[in-house]
Amino acid sequence: MSLLRRTLIAAASAAVLSTSFSAFALDIKPHLIRFGYGLNEQSNQGRAAKVFADEVAKLSGGKMKVRAIGAAALGPDNQMQQALIGGAQEMMVGSTATLVGITKEMALWDTPFLIGNTKEADILLDGPIGEKIKGKLQDKGLVGLVYWENGFRNLTNSKRPITKMEDLDGIKLRVMQNNVFLTTFQTLGANAIPMAFSELFSALETKTVDGQENPFNTILSSKFYEVQKYMTVTNHVYSPWIVTASKKWWDTLTKDEQKVLMDAAKVSRDFERKDTRAEAAKAMADLKAKGMQINEMSPAESDRMRDKLTKVYAGIGADIGMDLWNETQAELKKIRGGK
Ligand code: TK8
């Protein structure tokens with residue numbers, strides 16, 4: 001081989017080396033962002049996760065890449081939260097109810113019958129109260145970006161129609177891993193069993209539990225109608241989801257990168273709420289068509305439940321602090337026209 005050829009080869013391979021090195025450097029800097037969630041890809045959660053990923057790619061000109069990973073493949077909510085806190089995972093979306101062990105103020109959102117409609121939900125969540133609660137996550141190693149809508153929760157079970165409180169007696173009801181949900185359903189007479197969402201379908205299928213409670217959308221997307229005959233429209237609580245990031249990781253990002261994520265999160269939130277509401281509006285008919293027997297809880301029966309839950313309400317007030325509780329009541333009164 002001539003000297004010239006040898007020199008050319010050496011130069012070429014040096015060039016290859018240096019390009020591949022800088023490509024590698026580029027790859028790690030603009031991060032692959034793992035965004036975990038619990039429902040499947042075909043759910044409202046999955047659709048909005050995709051919108052978030054696409055928006056991040058668009059706003060960053062392809063420099064930031066979100067990989068949305070659903071079906072609790074990265075673990076149930078609690079496990080992902082710990083991974084975020086430790087810096088082993090970048091982002092997730094999950095129920096605020098599973099965050100109460102980390103940030104006690106999140107329990108406000110678990111208050112039965114607190115929020116009456118989606119307008120109230122949006123004002124509370126996106127206003128000063130929602131911001132304040134979200135801000136509390138910072139001290140715990142998490143950054144809260146936006147709230148998505150999980151929705152108004154309804155009861156399903158495989159035993160009987162629930163038309164009054166007493167019908168809950170002895171029903172083995174899966175609840176989220178959260179004390180307010182646990183004591184609420186114990187107080188109402190059910191045999192409440194805390195369990196991760198990822199275990200729920202098979203627990204219903206094997207009759208380890210008789211029932212569960214979730215919004216229409218989830219009952220549909222998780223195919224609970226295959227293993228649950230009865231649904232009772234109770235709207236007993238409005239559940240938010242919250243998009244969070246690992247603070248350890250977030251603090252390594254530039255201001256511009258943080259802005260891309262925040263802007264994309266807002267776009268995903270607006271999409272998600274619209275999509276969820278559209279799906280929920282027709283879900284009842286869909287669930288009927290799938291063979292579920294559906295009844296609506298009467299307002300008188302909801303009032304009886306509310307009365308029965310006096311102690312639960314007092315407990316939430318004590319846990320989150322009376323200032324936050326009173327501020328919320330005042331805000332709701334304002335939204336409802338001061339009545
Ligand atoms: C999904 C959960 C789910 C929640 C539950 O990971 O656990 O019942 O409603 O949406 O966060």
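The values are calculated or read from the model by the stated rules, or taken from the named source; none is laboratory data. All figures in this text were calculated on a predicted structure; none of them were measured in a lab. Every residue, glycine as well, gets a Cβ built from its backbone with ideal geometry; the counts of neighbours run over all protein chains shown. When the accessible area is computed, the model is the full protein with side chains, heavy atoms only, and any ligands, DNA or RNA have been set aside. Shrake-Rupley method; radii C 1.70, N 1.55, O 1.52, S 1.80 Å.
Just to be sure I understand, how many residues within segment 156-172 are open to solvent by less than 10 Å² (accessible area, probe 1.4 Å) and in contact with a Ser or Thr (Cβ under 9 Å, 6 or more places away or on another chain)?
Adding up the residues that qualify gives 3.
So that you can scan it fast, the table gives a plain yes or no per residue for (1) without any contact (Cβ under 8 Å) to a residue 12 or more places away in the chain; (2) out of contact with any Ser or Thr (no Cβ under 8 Å at 6 or more places or on another chain); (3) surrounded by 13 or more Cβ atoms within 10 Å (Cβ to Cβ):
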residue: TYR230; (1), (2), (3): no, no, yes
residue: VAL237; (1), (2), (3): no, no, yes
residue: LYS247; (1), (2), (3): no, yes, yes
residue: TRP250; (1), (2), (3): no, yes, yes
residue: LEU261; (1), (2), (3): no, yes, yes
residue: MET292; (1), (2), (3): no, no, yes
residue: ARG304; (1), (2), (3): no, yes, yes
residue: ASP307; (1), (2), (3): yes, yes, no
residue: LYS311; (1), (2), (3): no, no, no
Odd one out for THR254 among (1) exposed (fewer than 14 other Cβ atoms within 10 Å of the Cβ); (2) among the β-branched types (Val, Ile, Thr); (3) within 16 Å of the ligand (Cβ to nearest atom):
(3)
Note on GLU131: of the conditions (1) without any contact (Cβ under 8 Å) to a residue 12 or more places away in the chain; (2) surrounded by 18 or more Cβ atoms within 10 Å (Cβ to Cβ), unmet is (2)
Out of the residues in segment 210-228 meeting the condition of being of a type in the set (A, V, I, L, M) and surrounded by 22 or more Cβ atoms within 10 Å (Cβ to Cβ), tell me which one is farthest from the chain's Cα centre (by Cα).
LEU220
Within segment 46-67, the count of residues that are surrounded by fewer than 23 Cβ atoms within 10 Å (Cβ to Cβ) and closer than 24 Å to GLU279 by Cβ comes to 7
Only helices (runs of 4 or more DSSP H) wholly contained in segment 105-217 count here; list those with 3 or more residues that are within 16 Å of the ligand (Cβ to nearest atom) and out of contact with any Leu (no Cβ under 8 Å at 6 or more places or on another chain).
179-187, 200-205
Which of the residues belonging to segment 47-69 are free of Cβ contacts under 8 Å to residues at least 40 places away in the same chain and either within 16 Å of the ligand (Cβ to nearest atom) or in a loop (DSSP other than H, G, I, E, B) (or both)?
GLY61, GLY62, LYS63, ALA68, ILE69
Of the residues VAL175, VAL146, which single one is modelled with pLDDT of 95 or more, under 19 Å from VAL243 (Cα atoms), open to solvent by less than 10 Å² (accessible area, probe 1.4 Å) and touching a helix residue (DSSP H, G or I) at 6+ places or on another chain (Cβ under 7 Å)?
VAL146
For segment 183-192, check the following and say yes or no: at least one residue is at pLDDT 95 or above, surrounded by fewer than 16 Cβ atoms within 10 Å (Cβ to Cβ) and touching an Asp or Glu at 6+ places or on another chain (Cβ under 6 Å).
no
Selection within segment 70-99 - assigned to a loop (DSSP other than H, G, I, E, B), open to solvent by less than 30 Å² (accessible area, probe 1.4 Å) and either more than 9 Å from the ligand (Cβ to nearest atom) or under 21 Å from VAL180 (Cα atoms) (or both):
GLY70, GLY75, GLN89, GLU90
